[in-house]
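Written below as structure tokens is the structure these notes are about.
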Amino acid sequence: MSPQFSLNSPRSTTSECRAHDLECRLAKIADGGSHAINERLVALDTEWSAGRVSKAAMAVVILLGTILTLTLDWWWVILPTAVGLLLLQYLFTQRSWLIRIFEELGFRTKAEIEQEKFALRTLRGDFRHLPTVHDIEEMHDISRLEGEGGIVVEPEAQKVDSLAAAKEVIEATAVQTAHHNPAECHTS
């Protein structure tokens, strides 16, 4: 079991299945090339998250309750009031049982959708030209090696298996479920 999923979490099985599904989906899309990646990114831009669906459902219930209150009986005010209380609960806890229901129905969280988008952009190569700390630290060593007649261009790397690439990208872009404590950060 990967470290990002807790054994005590009731969602650990669901998360593992989703992570595995994502890995397989990314591998298939990577095999399809950049056109398949572009199509999937367009599809992800229109995908509704569990949070978005739950907010839309709450808005409909508030409107319906208000209309019923104005046209039928004032007791219908209970509907928008109950949904308002749910919204307040969501405001303070950032989790809602309604969102949880939509997740169980198959809607993904916004973080899961964004992870897939980031992984697809990484597989497409959107970030390959960005400098990294590794590049900056070794710039002097590379120029010295080239000046001494060493390797100027790296030998062509072997093609990476799509499933292995997808797995590596998922691990690198994994959504962290544990709370991060800034006091635990140490820089050298």
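Tabulated results
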| read-out | value |
| --- | --- |
| Residue in segment 26-43 that is nearest to E114 (Cα to Cα), counting only those that are charged (D, E, K, R) and modelled with pLDDT of 90 or more | R40 |
| Leading residue by the ranking (farthest from the chain's Cα centre (by Cα)) among those in segment 46-76 that are surrounded by 14 or more Cβ atoms within 10 Å (Cβ to Cβ) and among the aliphatic types (A, V, I, L, M) | L68 |
| Failed condition for D126, given (1) modelled with pLDDT of 60 or more; (2) in a helix (DSSP H, G or I) | (2) |
| Qualifying residue in segment 77-91 (condition: touching a residue at least 40 places away in the same chain (Cβ under 8 Å) and either crowded, with 16+ Cβ neighbours inside 10 Å or in a helix (DSSP H, G or I) (or both)) | no |
| Breaking point among (1) surrounded by 14 or more Cβ atoms within 10 Å (Cβ to Cβ); (2) within 17 Å of T173 (Cβ to Cβ); (3) within 17 Å of the chain's Cα centre (by Cα), for D21 | (1) |
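The values are calculated or read from the model by the stated rules, or taken from the named source; none is laboratory data. Here the structure is a predicted model, which is why all the values come from computation and not from measurement. Reconstructed Cβ throughout: ideal geometry from the backbone, glycine too, with neighbour counts over all protein chains shown.
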